[in-house]
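*Asks:* Here you go, one structure.
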Amino acid sequence: MASIPIPVRANSHPNLRPLNILRDLPHVADLIELCFASTMDSDGQRYVQDMRRAGRDESFLHWATKMAESTSLPLTGYVWEENNKIIGNTSLVPFRYNGQRLYLIANVATHPDHRRRGIARALTERAIQHGLDHKASIWLHVREDNPGAVQLYSDLGFRERARRTNWKGFCDRALSIPKSDISIGGRAGRDWPRQQEWLRQTYPDALAWYGKWIFSPLKPGLWNLIYLFFVDVGIRQWSALKDNQLEAALSVIPSGREPNALWLAAGPGSSREAVLSLLLHARRTLNGYPHLTLEYPKGDFDEAIRAAGFAPLRTLLWMEYEGATSRA
């Protein structure tokens, strides 16, 4: 068995053309909603509504035609059109990180009546070629429970880089925390180096271009405290200790993007009881939040997160393009 490189099949097709944001956005929104209705969360619904509004906003469309390749919005992509109807779509979202250009392939959708004809594959191949033409890294994420799509992307040359689960839990002041040898308290400054290392492992730099993870506000020190006081950032932090040693840490960094997100720092030696106690403490303490969210690598403390009352929303495979291969 040998692997040899083959070119991406990006030949032109009469039904495949670039996205025209001046007229296509409402139709693409309809297609995305139709294809992903069963798995679309509130953020996805809001995304579709924003796309429809943008399609009716002439001033936005005028701006967007000039900014499609320089803003992290899905303004670039390709559609498959038959009989004046868009039945396939793929979006390309541009990013820049550390001077590098990246593209996220998103919204790969084919109308249910036209599937199994190779439309999604052709659209994805064309999106890959677009990224290669711009000398960019090419990424996508796909739901773990969509094995057909996972196989397609693997066949096209994408390789899994991470598998992460989004969780959601609700606050409950009446919650009780089981007795254990874990104590919950504020984060001590001496524990920051270990917490920082765990955060780097859990929220890796390889995905920082998308996650935009910024943990500097958690750093101890007088000047940081003064700065946070003046900018009115309501950061909360807790540590789980056993025998006065840090087992895990949990933080809330309110922001407009994710005002209710929890950031869990735990390592290979951290105990299930420490993670469970921290998450229960957050659910009981953060009563001003309608709900809490947590993104964490799949398999790491899944049992503890679930036992703390968090429900999994979705697990995504993050995949990076390495190059198409053919097996002989």
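The values are calculated or read from the model by the stated rules, or taken from the named source; none is laboratory data. Given the structure is predicted, the values throughout are model-derived calculations rather than measurements. Backbone-built Cβ (ideal geometry, glycine too); neighbour counts: all protein chains shown. Note: areas computed on protein heavy atoms with side chains; ligands, DNA, RNA excluded. Shrake-Rupley method; radii C 1.70, N 1.55, O 1.52, S 1.80 Å.
*Asks:* What nm value, rounded to one decimal, do you get for the distance between Ser154 and Arg115 when each label is placed 7 Å out toward the C-beta?
*Replies:* Inter-label distance under the simple model: 1.9 nm.
*Asks:* While we're looking at this one, here's another question. Consider just the alpha-carbon atoms of the range 104-253 and return their Rg together with their Dmax, both in angstrom.
*Replies:* Rg and Dmax of the range 104-253, Cα atoms, are 21.9, 62 Å.
*Asks:* Pull up all non-local amide H partners of Arg163: gap of 5 or more, or a different chain, and H-to-H distance under 5 Å with H placed in the peptide plane.
*Replies:* Close amide H contacts, sequence-distant or interchain: Lys298, Trp318.
*Asks:* Any lysines with Cα under 23 Å of the Lys135 Cα? List them, leaving off those in the same chain fewer than 8 positions away.
*Replies:* Candidates past the 8-residue exclusion: Lys66, Lys212.
*Asks:* In whole Å, how far is the Cα centre of the range 70-121 from that of the range 278-328?
*Replies:* Using only Cα atoms to place each centre, the spacing works out to 26 Å.
*Asks:* Over the range 259-328, what lengths in whole Å, largest first, do the semi-axes of the equivalent ellipsoid take, defined as the square roots of 5 times the eigenvalues of the alpha-carbon gyration tensor?
*Replies:* Values: eigenvalues 201, 49, 20 Å².
Semi-axes, largest first: 32, 16, 10 Å.
*Asks:* Using a 1.4 Å probe on the protein chains only, how many percent of the accessible area of the range 134-197 belongs to carbon and sulfur?
*Replies:* Heavy-atom surface of the range 134-197 belonging to carbon and sulfur, 1.4 Å probe: 49 percent.
*Asks:* What full-extension length gain, to one decimal in nm, is calculated for Ser176 and Thr285 as 0.36 nm per residue of separation minus the Cα-Cα distance?
*Replies:* Here the answer is 38.1 nm.
*Asks:* Rounded to the nearest 10 Å², what accessible area does Thr202 show when all protein chains are kept and the probe is 1.4 Å?
*Replies:* 10
*Asks:* Compute the accessible area per residue over the range 110-245, keeping the other protein chains in place, probe 1.4 Å, unit Å².
*Replies:* Spelled out: the 1.4 Å probe surface of the range 110-245, per residue, equals 58 Å².
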